[in-house]
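Here the structure is laid out as C-alpha cells; the discussion comes afterwards.
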Amino acid sequence: MIATQSPSAKPFTPACVLIDARDVPDQRLHDASRFPLVRLRRRAVQPGYAFAWGAEMQRLLLLKTPFVIVSDHDANETADDTRLRNAWLCSHRETLALFCRGFIVIEPRIEARATTRETVRAVTRGSGVRTVVVSSMRVAGELAPVLLKHSARDLAKPLSTDQPRLQMP
C-alpha cells in the first residue's frame, strides 16, 4: 500500500508553527536548549553512536519545525559511524530538506578548515542539507538565523544570470 496525500489536504507551512525550546525533548547527543539551534554534544559522541544519532535526528524531524545542527569537527569518527550517518542522511533526504536548514561545523584551526570543509561535504553529499564550516560558536550563532530564513531549495538556487545587470555609465 502506498500512502499519498489527499487532494483536499492543506500544505504544511513551517512559518506558522512555533516551537519553544522547552517543548523539545532532552536528548543525550543533541542539546536543543537553544532550539532551533541544536548543538551536537561532542563529549557524548563515542564510537558506535550513529544509531542513537539517527534516532535523535528522527525525533528532531518529528517536530516539523526548521532547525540547524551545530557541531565541532571530529576527525576521529569511525568509518562505521560515518557510513551509518551518511546512509541515514541519504535515506531521510526529503524530510531533511524540509526541516534541517543546515549543518554548521566548527573548525577553529584555520589551516584545517579547507580540509574539514571537503570532508564534511563528502560525508553529507546526497543528504540535501547545506553544510558550512566556521571558526567558532559565535560565528555559528550568527549564521544560524540566516540559514533558518531560507529553505534548502532557496539556498541551492544559483544566482540568476538571465537578467541584464545595471552598469554605471
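Tabulated values for the structure
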item	result
The stretch 57-88, residues that are in contact with a strand residue (DSSP E or B) (Cβ under 9 Å, 6 or more places away or on another chain) and open to solvent by less than 10 Å² (accessible area, probe 1.4 Å)	M57, L60, L61, F67, V68, I69, V70
Criterion violated by A55 - all others in (1) at pLDDT 60 or above; (2) part of a loop (DSSP other than H, G, I, E, B); (3) not aromatic (F, W, Y) satisfied	(2)
Subset of the stretch 46-75 (residues that are within 17 Å of A140 (Cβ to Cβ) and out of contact with any His (no Cβ under 8 Å at 6 or more places or on another chain))	P66, F67, V68, V70, S71, D72, H73, D74
Scan of the stretch 124-169 for residues that are modelled with pLDDT under 80, farther than 28 Å from E94 by Cβ and charged (D, E, K, R), ordered by number	D162, R165
Of all residues making up the stretch 124-133, the number that are buried (at least 19 other Cβ atoms within 10 Å of the Cβ) and out of contact with any Gly (no Cβ under 8 Å at 6 or more places or on another chain)	4
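The values are calculated or read from the model by the stated rules, or taken from the named source; none is laboratory data. Keep in mind it's a predicted model, so treat the numbers as computed, not measured. When we count neighbours, we look across all protein chains shown, and the Cβ atoms used for this are built from the backbone with ideal geometry, even at glycine. Please note that ligands, DNA and RNA were not included when accessible areas were found on the heavy atoms of the full protein model with its side chains. Shrake-Rupley method; radii C 1.70, N 1.55, O 1.52, S 1.80 Å.
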